[in-house]
Amino acid sequence: MDLEWQISDAPVGYEPAVVAMEARVAAIREGKAPDLVWLLEHPPLYTAGTSAHDEDLLDARGFPVYRSGRGGQFTYHGPGQRVGYVMLDLKPRGSDVRRYVQDLEEWLIRSLARFNIKGERREGRVGIWVAERDGTENKIAAIGVRVRRWVTFHGVSLNVDPDLRHFGGIVPCGIRQHGVTSLASQGILVGMPEVDAAMKAAFIEVFG
């Protein structure tokens, strides 16, 4: 697979990121650029997907709120969270969006496994979950995608060591009965370069 990786060390604003994704998707569709995985962090902000309910924005806390064209509901992005934007032509992969989302889930699960974290799918709940010792379940990674003429954009976010209190301003992904967690909260203290290496290796395993 002809694939380019881009890693941004400094935080990237949400609007510039969307503009860059839009341009890359158009270039991929026209055969002028290879597929791209872009790993980055955003400054603190909330985004609302196409299924978001206004009442799930509890307290914006002074953070900007962006209406996003991705699927899903409200989510938080901020420092300490690795965002993976995936711009991929699905036509060579059978134009199968359902399979693509399953592959994103598998990518996150395998990335977490490299840190001895058991990430799991849950029926009826988007994202990747961790079962805690006390029987509760917390979300460690989110997925929100958009597909335009079989080219994907937006993607995933993995909580490495964000300020989890910031998730309190929303009902994350519309799910009230469960919380959020991170690698750091699970006792895994790693830097972004280690996370990036794990995500890159796992992506290649899953997507070829």
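The values are calculated or read from the model by the stated rules, or taken from the named source; none is laboratory data. This one's a predicted model, so the numbers in the text were calculated from it and none came from an experiment. As a convention, Cβ positions derive from the backbone with ideal geometry for all residues, glycine included, and neighbour counts pool all protein chains shown. Quick note on the areas: whole protein, heavy atoms, side chains included, nothing else; ligands and nucleic acids left out. Shrake-Rupley method; radii C 1.70, N 1.55, O 1.52, S 1.80 Å.
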Sole residue being open to solvent by less than 60 Å² (accessible area, probe 1.4 Å) and not in a loop (DSSP other than H, G, I, E, B), chosen from 128, 188, 204:
128
Using beta carbons and a limit of 8 Å, which pairs, at least six apart or on different chains, have the first residue in region 2-29 and closer than 23 Å to residue 45 by Cα and the second one open to solvent by less than 80 Å² (accessible area, probe 1.4 Å) and of a type in the set (Asp, Glu)?
7/196; 8/41; 11/41; 12/41
Select from region 2-14 the residues that are over 16 Å from the mean Cα position of the chain (by Cα) and either farther than 13 Å from residue 87 by Cβ or among the β-branched types (Val, Ile, Thr) (or both) and list them in ascending order.
9, 10
Could you go through region 182-194 and let me know if any residue there is without any contact (Cβ under 8 Å) to a residue 40 or more places away in the chain and either basic (Lys, Arg) or closer than 19 Å to residue 36 by Cβ (or both).
no
Kindly indicate whether any position in region 65-87 is open to solvent by 10 Å² or more (accessible area, probe 1.4 Å), farther than 25 Å from residue 206 by Cβ, part of a helix (DSSP H, G or I) and of a type outside the set (A, V, I, L, M).
no
May I ask you to say which residue of 133, 165, 110, 146 is farther than 20 Å from residue 29 by Cα and not in a helix (DSSP H, G or I)?
133
Of those in region 153-185 that are small (Gly, Ala, Ser) and under 15 Å from the mean Cα position of the chain (by Cα), the residue surrounded by the most Cβ atoms within 10 Å (Cβ to Cβ) is 157
